[in-house]
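Engineer: This structure is in structure tokens; I'll ask about it shortly.
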Amino acid sequence: MPEIYLDNSATTKVRQEVVAAMVEAFQKNYGNPSSAHRRGQAAEQELKKARAAVAQVLAAGPEEICFTSGGTESNNLAIFGLARARVRQGRHLITTQAEHPSVLEAFRRLEREGFNVTYLPVDEEGMVVLHELERALSPETILVSTMHVNNEMGAVAPLEAIKAILDSAKPRPAWHIDAVQGFARLPLVPHRLGVDLVSLSGHKLQGPKGVGALFVRRGLRLEAQLVGGGQEAGLRSGTENVPGIIGLGVAARLMWAQHTEAMAHMGKLKSRLRERVQAEIPDTYANGPQDERGAAHILNLSFLGIRGEVLLHALEEKGVYVSTGSACSAHGASVSHVLEAMNLAPSRCEGALRFSFVPTNTEEEIDYTVECLKEIVPELRLYTRRR
Ligand SMILES: Cc1ncc(COP(=O)(O)O)c(C=O)c1O
């Protein structure tokens, strides 16, 4: 049976070049970067290279990159760090209903600490409703947090339009972008957009798990959330995950070097999968924008009359790995909060599956997946109707 991995928004398989660099780090660069001797200095040099590689993708300075344990920690550091540093300037925060839980839960905790949070709605394609952002901003607003690429259905945030709205706010609030799904695949230049904080994660880029980074615009004040030895310019104490950071640096460099061709290739895979499914299997819908406002590496499809998780496991039996999207809703049913925020019909939410790609996925894999779906979907529909 083939193994076809189309769940790359959940995590990716680490590239061979990354594994090789990490093995070398474990074996040779085992020093503590804070140590004064040669072993320590060698490890520090490797961190420097990785910092430069990550910074280059964002056209930022290396001193603006703070390594963390991943996207969740980067989002937590950005949101808690900024809110707690600016609490005297205001207590109003803005984010959207379609964010990742590592953003939403951080805001919910801040609400319990006495901040007011506006959760902006999204439209039926998952795009943030911009006039609501304009309406929500007030002189009390200290932070706006919007994701770059939505992890469930691929909507790409209209960053230029958000910039224009924030530019007219007085005072301009800090702007955080959760770029975990877009980093090194779509260009993002924080200094050009006036973005203050950008989160990214290694394991979405064919790099290692448990490592990520936060871009922190130079001069921005954040309250550290981990205190101790003062590593990462005092923003994130703890001995650095040297092999992980080296792996992140290599993964970022390689992904960025090929991003134009890679996105074009994945865009073709996405169109092929969507077009074939919609033409060859009745009662199927694509969720999220299907034009240039949708990222090339994420496709969310609904198969009416079937529960997503049942289809997921049936595909798994054929060697195809996909995802239903996100965690459970309050009702206990596994319905995505993002699709719910888009106001999609319950049957469309329940029957949703996410297919997500890396540049090494092939047309043959897509065709095999379509053939599996053509076989499984009618069977499951028949079975569901009979019950
Ligand atoms: C948009 C987004 N933000 C944050 C995260 C969390 O990243 P990590 O798994 O590195 O903590 C994810 C991971 O699924 C994500 O998709």
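Since every read-out is calculated from the coordinates, none of them should be taken as a lab result. These numbers come from a predicted model, not from an experiment. Neighbour counts run over all protein chains shown; Cβ positions are idealised from the backbone, glycine included.
Engineer: Only bridges whose two residues both fall in the chain count here: according to DSSP, what percent of them are antiparallel, nearest 5?
Structural biologist: In the chain, approximately 55 percent of DSSP beta bridges are antiparallel ones.
Engineer: Each residue of the stretch 10-17 in turn: what ³J(HN,Hα) in whole Hz from Karplus with 6.51, -1.76, 1.60 and θ = phi - 60°, glycine and Pro shown as x?
Structural biologist: 6, 6, 10, 6, 6, 6, 4, 4
Engineer: Let's test the formula: R0 of 30 Å, r as the Cβ-Cβ distance of residue 375 and residue 11. What FRET efficiency results, to the nearest 0.05?
Structural biologist: 0.65
Engineer: What 222 nm value per residue comes from the helices of the chain, counting each DSSP H run with n ≥ 4 as -39,500 (n - 2.57) and dividing by all residues, nearest 500 deg cm²/dmol?
Structural biologist: Counting only the DSSP helices, I get -13000 deg cm²/dmol.
Engineer: Turning to a different aspect of this structure: Under a plain spin-label model, where a point goes 7 Å from the Cα along Cα-to-Cβ, how far apart in nm are residue 88 and residue 382?
Structural biologist: Those two pseudo-labels are separated by 7.2 nm.
Engineer: Sticking with this structure for a sec: Just check the stretch 162-263 against the gyration tensor rule for me: Cα atoms, a ≥ b ≥ c as the square roots of the eigenvalues, rounded for a/c under 1.5, and otherwise prolate or oblate depending on whether a/b exceeds b/c.
Structural biologist: Since a/c reaches 1.5 but b/c is at least a/b, the shape of the stretch 162-263 is classed as oblate.
Engineer: Let me ask you something else. Rounding to the nearest 10 and keeping the result within 0 to 90°, find how far the Cα-based axis of helix 308-317 lies from the longest principal axis of the chain.
Structural biologist: 80
Engineer: Find how many whole Å separate the alpha carbon centroid of the stretch 366-387 from the alpha carbon centroid of the stretch 205-262.
Structural biologist: The distance from the Cα centre of the stretch 205-262 to that of the stretch 366-387 comes to 42 Å.
Engineer: Still on this structure, I have one more. In nm, to one decimal, how far is the residue 345 label point from the residue 321 one, both placed 7 Å along Cα→Cβ?
Structural biologist: 3.3
Engineer: What shape does the stretch 69-172 have by the C-alpha gyration tensor, where a ≥ b ≥ c are the square roots of the eigenvalues, rounded means a/c under 1.5, and otherwise prolate means a/b greater than b/c and oblate the rest?
Structural biologist: Verdict is oblate for the stretch 69-172.
Engineer: Going Cα to Cα from residue 209, which aspartates and glutamates come in below 13 Å? Please leave out same-chain ones fewer than 8 positions away.
Structural biologist: Partners found: 73.
Engineer: Let me ask something else. On alpha-carbon atoms, Rg over Rh for the stretch 75-133 using Kirkwood Rh?
Structural biologist: 0.99
Engineer: Which of rounded, prolate, oblate describes the stretch 282-387, given a ≥ b ≥ c as roots of the alpha-carbon gyration tensor eigenvalues and a/c under 1.5 marking rounded, otherwise prolate only if a/b is larger than b/c?
Structural biologist: Taking the square roots of the gyration eigenvalues as a ≥ b ≥ c, the stretch 282-387 is oblate.
Engineer: Compute a Gaussian network model of the chain, connecting alpha carbons closer than 10 Å, and tell me which residue from 271, 35, 201 fluctuates the most.
Structural biologist: Most flexible of the set in this elastic network: 35.
Engineer: Build a GNM of the chain with springs between Cα atoms under 10 Å: which of 252, 264, 164 gets the top mean-square fluctuation?
Structural biologist: 164
Engineer: Once phi is turned into ³J(HN,Hα) by the Karplus curve 6.51 cos²θ - 1.76 cosθ + 1.60 with θ = phi - 60°, what whole-Hz value does each residue of the stretch 123-136 show in order, with x for glycine and proline?
Structural biologist: For the stretch 123-136, the Karplus curve yields 8, 5, 9, x, 8, 4, 7, 5, 5, 6, 5, 4, 5, 6 Hz.
Engineer: Tell me, what HN-Hα J-couplings in whole Hz come from the Karplus equation 6.51 cos²θ - 1.76 cosθ + 1.60 at θ = phi - 60° for each residue of the stretch 275-280, using x for Gly and Pro?
Structural biologist: Those phi angles translate into 5, 5, 4, 5, 7, 10 Hz.
Engineer: Order of 200, 159 from fewest to most other C-beta atoms within 10 Å?
Structural biologist: Sorted ascending by nearby Cβ count, the order is 159, 200.
Engineer: In whole Å, how far is the Cα centre of the stretch 58-93 from that of the stretch 147-161?
Structural biologist: Between the Cα centres of the stretch 58-93 and the stretch 147-161 lies a distance of 19 Å.
Engineer: At q = 0.12, 0.15 Å⁻¹, what base-10 log of I(q)/I(0) does the Debye formula yield for the chain when every alpha carbon is treated as an equal point scatterer in vacuo?
Structural biologist: Result of the Debye calculation: -0.93, -1.32.
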